[in-house]
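Asker: I am attaching a structure below and will ask some questions about it afterwards.
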Amino acid sequence: MGKGKVDALLGIVFGDEGKGKIVDVFTPRYDIVARFAGGPNAGHTIIFGGKKFVLRSIPSGIFDEGKTNIIGNGCVIAPDLFMQEAKELEQAGYDLKSRLHISRRAHLILPTHRLLDRAYEAAKGKDKVGTTGKGIGPTYSDKASRTGLRVGDILNNFQGKYNMMKARHEQILHDLGFTGYDIRQEERLWMQGIEYMRQFPLTDTEIELGKALKEGKSVLAEGAQGTMLDIDHGTYPFVSSSNTVCGGVCTGLGVAPSSIGEVYGIFKAYSTRVGSGPFPVELLDETGDKIRETGHEYGAVTGRNRRCGWLDLVALRYAIMINGVTQLIMMKSDVLDDFAEIKVCTRYTKDGIVTDEMPYDTEGWNAVYETLPGWQTDLTQMTGESQFPKQLKDYIAFIEQATGTPITIVSVGPDRAQTIER
Ligand code: GDP
Ligand code: IMO
Ligand code: MG
């Protein structure tokens with residue numbers, strides 16, 4: 001953590017790597033925690049003292065009372081869901097209103113964006129992305145089309161702008177043959193959310209961050225999703241709609257590339273993916289089921305089964321390159337406690353071609369594995385690296401060697417306390 005720097009903590013695979021947990025662990029070391037991309041498609045789980053929280057739009061630094069948290073301009077925000085999430089935290093005793101700042105440039109997710117999300121997915125049929133249904137794609141589309149509504153619009157003749165946008169969306173829905181919906185109740189809640197949001201500092205967060213960095217303050221940028229879900233670098237079109245990679249920190253917060261310090265790349269000791277799209281390491285057998293059961297791999301947002309497989313070093317190396325990852329964080333190591341053998345994908349193959357580089361089109365590629373011995377030891381109570389079994393040390397060394405990047409944290413359980421720094 002450097003003074004006057006923005007460190008980035010980025011999911012480097014398909015999301016759900018455990019970002020929320022590590023941001024929570026890191027927060028005491030920083031002055032500001034900021035989300036730069038995504039919205040309520042994210043579900044970041046934090047567990048401490050026997051309590052569990054799942055955050056969607058609110059940064060995971062919120063549990064440290066002294067720290068400022070920012071929802072940056074690169075994010076999209078649904079006022080109704082935001083209100084629900086924030087009120088739950090307030091009821092749990094966390095005061096948010098003075099220390100959660102929202103960018104006026106962040107875009108608003110309207111109820112009709114969520115309908116459009118559903119309508120577009122339905123129209124795609126078997127090629128559907130398997131989105132979270134939170135209206136993410138349509139909202140970022142409106143942003144790119146320069147027709148979006150921003151948080152700052154709340155402050156000035158809002159109802160008129162809302163009505164215009166809603167009418168435009170309803171026309172599209174009509175053209176798609178998507179009818180028979182009733183969003184009156186949802187809309188009422190959404191408008192309550194707008195009123196609720198007014199109680200928060202709706203600010204120019206890029207200016208705030210610029211000043212803070214000049215004063216030598218430290219910022220932690222909390223990623224959402226993961227590199228393989230990035231709109232440019234992921235498995236397009238089976239991706240989310242924002243830049244989840246390190247470059248997104250600069251655009252999504254308004255900070256200069258030169259202000260980026262450490263780039264933490266977070267991954268699980270194995271792989272998961274929610275939604276459709278290529279996944280060369282997917283295991284459709286008992287091993288995949290065992291990983292899912294042991295790792296409780298069910299979506300934090302939608303409850304869907306996460307697809308499971310072994311670690312994919314092709315994806316990891318690609319993400320390390322794109323993001324400039326300086327340190328790796330390996331999560332959920334304990335989930336592999338009970339496997340006699342652990343496989344790692346080192347290359348992909350298709351039609352006699354073998355590659356260790358991420359192909360343009362990951363569809364149809366098969367994983368080529370190397371097999372390592374499992375440790376068959378309970379890691380969950382361990383408190384230091386010296387207690388690690390040899391097989392785990394070898395697994396870590398294998399990944400470090402293959403990626404040329406140090407693993408500086410190993411997570412051995414969901415609780416804050418189950419975090420081992422090396
Ligand atoms: P995020 O979206 O990257 O913040 O990750 P999620 O919260 O969606 O998913 C990570 C899940 O793994 C959550 O249920 C966490 O509580 C849990 N978790 C995090 N780290 C560990 C770990 O080291 N071991 C185990 N067993 N669970 C973990
Ligand atoms: P966190 O931050 C895992 C996936 C969806 C779908 C695709 C597009 O918790 O890691 P969207 O609703 O964004 O248009 O869906 O991206 N997806 C995620 N998968 N973790 C996430 O967030 C995700 N956010 C979106 O399942 O395949
Ligand atoms: Mg998640």
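Here, each number is a calculation from the coordinates, and none is a lab measurement. Please read all numbers here as calculations on a predicted model, not as lab measurements. Positions of Cβ are generated from backbone atoms using ideal geometry, with glycine treated the same way; all protein chains shown enter the neighbour counts.
Asker: Rounded to whole Å and sorted largest first, what semi-axes of the equivalent ellipsoid does the C-alpha gyration tensor of the range 137-182 yield via the square root of 5 times each eigenvalue?
Answerer: On the way: eigenvalues 91, 37, 12 Å².
They are 21, 14, 8 Å, listed from largest to smallest.
Asker: Let me ask another. Using the Kirkwood formula over every pair of different C-alpha atoms, what hydrodynamic radius in Å results for the range 162-309? Walk me through the numbers before you get to the answer.
Answerer: On the way: mean 1/r = 0.0511 Å⁻¹.
About 19.6 Å, per the Kirkwood formula over Cα pairs.
Asker: Using a Debye calculation, one point per C-alpha and no hydration shell, please list log10 I(q)/I(0) for the range 12-68 at q = 0.16, 0.22, 0.24 Å⁻¹ in order.
Answerer: Calculated log10 I(q)/I(0) at the listed q: -0.46, -0.87, -1.02.
Asker: OK, next. Run the quick spin-label model on LYS3 and GLN192: label points 7 Å from Cα toward the beta carbon, then report their separation in nm to one decimal.
Answerer: 4.7
Asker: Beyond 14 Å, what percent of the Cα pairs of the range 306-357 remain? Show your work: numbers first, answer last.
Answerer: Working: 867 of 1326 pairs.
For the range 306-357, the share of Cα pairs beyond 14 Å comes to 65 percent.
Asker: For the chain, what is the calculated [θ] at 222 nm in deg cm²/dmol (nearest 500), taking -39500 (n - 2.57) for each run of four or more DSSP H residues and dividing by its residue count?
Answerer: On the way: 11 runs with 129 residues, N = 422.
When only DSSP H runs of four or more count, the value is -9500 deg cm²/dmol.
Asker: For the range 274-422, what is the largest minus smallest coordinate of the Cα atoms on each principal axis, given in angstrom and ordered from greatest to least?
Answerer: 45, 35, 29 Å, listed from the longest principal axis down.
Asker: Right, next: Scan around MET331 for amide H atoms under 5 Å from its own, H built in the peptide plane at 1.01 Å from N, and keep only partners 5 or more places away or cross-chain.
Answerer: Result for MET331 returns PHE267, LYS268, ALA269, SER411.
Asker: Around ARG304, which amide H atoms from residues at least 5 apart in sequence, or from another chain, sit under 5 Å from its own amide H, with H modelled in the peptide plane?
Answerer: Those qualifying (amide H under 5 Å, at least 5 residues apart or on another chain) are GLY299.
Asker: With point charges of +1 on the Cβ of Lys and Arg and -1 on the Cβ of Asp and Glu, referenced to the Cα centre of the range 135-238, which listed residue (GLY135, ILE194, HIS169) lies farthest in the positive direction of the dipole?
Answerer: ILE194
Asker: On C-alpha positions alone, give me the angle between the axis of helix 111-124 and the longest principal axis of the chain, in degrees, nearest 10.
Answerer: Helix 111-124 and the main axis of the chain meet at about 50 degrees.
Asker: In vacuo Debye scattering of the range 349-388, one point per C-alpha: log10 I(q)/I(0) at q = 0.28 Å⁻¹?
Answerer: Those come out to -1.04, one per q.
Asker: Could you list the residues of the range 352-375 with an amide nitrogen less than 17 Å from a label point located 7 Å from the Cα of TYR236 in the Cα-to-C-beta direction?
Answerer: Only 358-363 fall inside the zone, counting backbone N under 17 Å.
Asker: Under 13 Å Cα-Cα from LYS350, which aspartates and glutamates qualify once same-chain neighbours fewer than 8 residues away are excluded?
Answerer: Straight-distance partners of LYS350: ASP361, GLU363.
Asker: Work out from phi, with θ = phi - 60° and the Karplus expression 6.51 cos²θ - 1.76 cosθ + 1.60, the ³J(HN,Hα) of each residue of the range 343-352, listed in order in whole Hz, and give x for Gly and Pro.
Answerer: 9, 9, 7, 10, 8, 10, 9, 7, 6, x
Asker: Kirkwood Rh over Cα pairs of the range 30-113 into Stokes-Einstein at 4 °C, 1.567 mPa s: D in µm²/s? Mind showing how you got there, number by number?
Answerer: Numbers: Rh = 13.1 Å.
Approximately 99 µm²/s, per Stokes-Einstein.
Asker: Hey, can you rank 127-137, 14-24 by average C-beta count inside 10 Å, highest first? Each step should come with its number before you reach the end.
Answerer: Values: 127-137: 20.2, 14-24: 26.0.
Highest mean packing first, the order is 14-24, 127-137.
Asker: Quick one: Cα convex hull volume of the range 160-213, Å³ per residue? Provide the component values of the computation, followed by the final result.
Answerer: On the way: hull volume 6.8 nm³, N = 54.
It is 126 Å³ per residue.
Asker: Net charge around THR235, counting only other residues with Cβ within less than 15 Å of its Cβ (Lys, Arg = +1; Asp, Glu = -1)?
Answerer: Here the count lands on -4.
Asker: Could you order peptides 233-239, 71-77 by the average number of other Cβ atoms within 10 Å of their residues, highest first? Each step should come with its number before you reach the end.
Answerer: Details: 233-239: 19.4, 71-77: 26.6.
Ranking, from highest mean packing down: 71-77, 233-239.
Asker: Now a separate question. Principal axis extents for the range 88-203, Cα atoms only, whole Å, descending order, please.
Answerer: Principal-axis extents of the range 88-203 (Cα, largest first): 44, 32, 28 Å.
Asker: Starting at the first residue of the range 225-233, write each ³J(HN,Hα) from the Karplus equation 6.51 cos²θ - 1.76 cosθ + 1.60 with θ = phi - 60°, in whole Hz, x for Gly and Pro.
Answerer: 6, x, 4, 6, 10, 5, 4, 9, 10
Asker: Something else about it: What translational diffusion coefficient, to the nearest whole µm²/s, does the range 335-422 have by Stokes-Einstein, given a Kirkwood radius computed over alpha-carbon pairs, a temperature of 37 °C and 0.692 mPa s viscosity? Before the final figure, lay out each step's value.
Answerer: Values: Rh = 14.9 Å.
My calculation gives 221 µm²/s for D.
Asker: Could you give log10 I(q)/I(0) at q = 0.13, 0.20 Å⁻¹ for the range 249-294, computed by the Debye formula over C-alpha point scatterers of equal weight, without solvent?
Answerer: Once normalised to I(0) and log-transformed, intensities are -0.55, -0.76.
Asker: Report the charge-dipole magnitude of the range 96-155 in Debye, nearest 20, computed about the Cα centre from +1 at each Lys and Arg Cβ and -1 at each Asp and Glu Cβ. Before the final figure, lay out the partial values.
Answerer: Working: 13 positive and 5 negative charges, 48 e Å.
It comes to approximately 240 debye.
Asker: While we're on this one: Of all GluC sites (Glu not before Pro) in the range 65-168, which ones are in loop regions per DSSP and have a Cβ with at most 16 other Cβ atoms within 10 Å?
Answerer: Details: sites: GLU65, GLU85, GLU88, GLU90, GLU121; in loops: GLU65.
Sites meeting the loop and neighbour criteria: GLU65.
Asker: Give me Rg over Rh for the range 215-264, both radii from the alpha carbons and Rh done the Kirkwood way, two decimal places. Please report the intermediate quantities before stating the final value.
Answerer: On the way: Rg = 12.0 Å, Rh = 11.7 Å.
That ratio equals 1.03.
Asker: Also: How large is ³J(HN,Hα) for each residue in the range 139-154, as worked out from phi by the Karplus curve 6.51 cos²θ - 1.76 cosθ + 1.60 (θ = phi - 60°), to whole Hz, x for Gly and Pro?
Answerer: Values per residue, Gly and Pro as x: 5, 5, 5, 5, 4, 5, 7, 6, 10, x, 9, 10, 3, x, 5, 4 Hz.
Asker: Moving to a separate point now. Considering all projection directions equally, how large on average is the shadow of the alpha-carbon convex hull of the chain, in square nanometres? Intermediate values should be presented prior to the final figure.
Answerer: Details: hull surface 81.0 nm².
For the chain, averaging the hull's shadow over all directions gives 20.3 nm².
Asker: Here's another thing I want to ask about it. For a test of the definition: using alpha carbon positions, the gyration tensor, and the 1.5 limit on a/c, classify the range 277-316 as rounded, prolate or oblate. Before the final figure, lay out each step's value.
Answerer: Working: a/c = 1.90, a/b = 1.33, b/c = 1.43.
Oblate is the answer for the range 277-316, as a/c is 1.5 or above yet b/c matches or exceeds a/b.
Asker: Quick one: of LYS290/LYS390; LYS5/LYS332; LYS161/LYS211, which pairs are farther than 30 Å apart, Cα to Cα? Please report the intermediate quantities before stating the final value.
Answerer: On the way: LYS290/LYS390 23 Å; LYS5/LYS332 28 Å; LYS161/LYS211 32 Å.
Violating the 30 Å Cα-Cα cut-off are LYS161/LYS211.
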